[in-house]
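What follows is a single structure, written as structure tokens, with notes after it.
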Amino acid sequence: MWNVLKTESCGVTIQSYGTGAFLSFDPSNKSDTPAGSVVTSNSIYPWSLQQNTVVPYAWYIVDHYTGKGLAVKDNSPANAVQVLELGLTNNGSQAWFFIAKEPLAGTN
């Protein structure tokens, strides 16, 4: 589960509800194909949400710095599959759904 929060200056941050780590991108990992890794970090990292043009009610999660969108590797339906940054495409690998959850009393 992830918290998605609007920032003051650029888009949103995406933070793990369980660990508090932020979703971010590390371009230094050259062993990935394409190069770079979607990782969690203690540093805030900016993303933007753009409405997906192919899948109704879905969103692109776009890196504020690179302009690329998060995508599931090989459009796989499996759990724990690698997430990559790719140019925005018109396929389901970049369709992300957000399900709102009402905060529990006393947890804010």
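Going by what's in this entry, would P27 be described as surrounded by fewer than 13 Cβ atoms within 10 Å (Cβ to Cβ), at pLDDT below 85 and not small (G, A, S)? Criteria not met by P27. If you go through the range 35-67 and pick out every residue that is open to solvent by 70 Å² or more (accessible area, probe 1.4 Å) and in a strand (DSSP E or B), you end up with 4. If the condition is being at pLDDT 85 or above, closer than 20 Å to Q50 by Cβ and either among the β-branched types (V, I, T) or open to solvent by 100 Å² or more (accessible area, probe 1.4 Å) (or both), then the range 3-20 contributes V4, K6, V12, T13, I14. Of everything listed in (1) within 22 Å of K101 (Cβ to Cβ); (2) loosely packed, with under 13 Cβ neighbours inside 10 Å, the single unmet condition for A78 is (1).
The values are calculated or read from the model by the stated rules, or taken from the named source; none is laboratory data. Predicted, not measured: the structure shown is a model, and the values here were computed from it. Glycine gets a Cβ as well: all are built from the backbone with ideal geometry, and neighbour counts include every protein chain shown. Areas reflect the complete protein model, heavy atoms only, side chains present, ligands, DNA and RNA absent. Shrake-Rupley method; radii C 1.70, N 1.55, O 1.52, S 1.80 Å.
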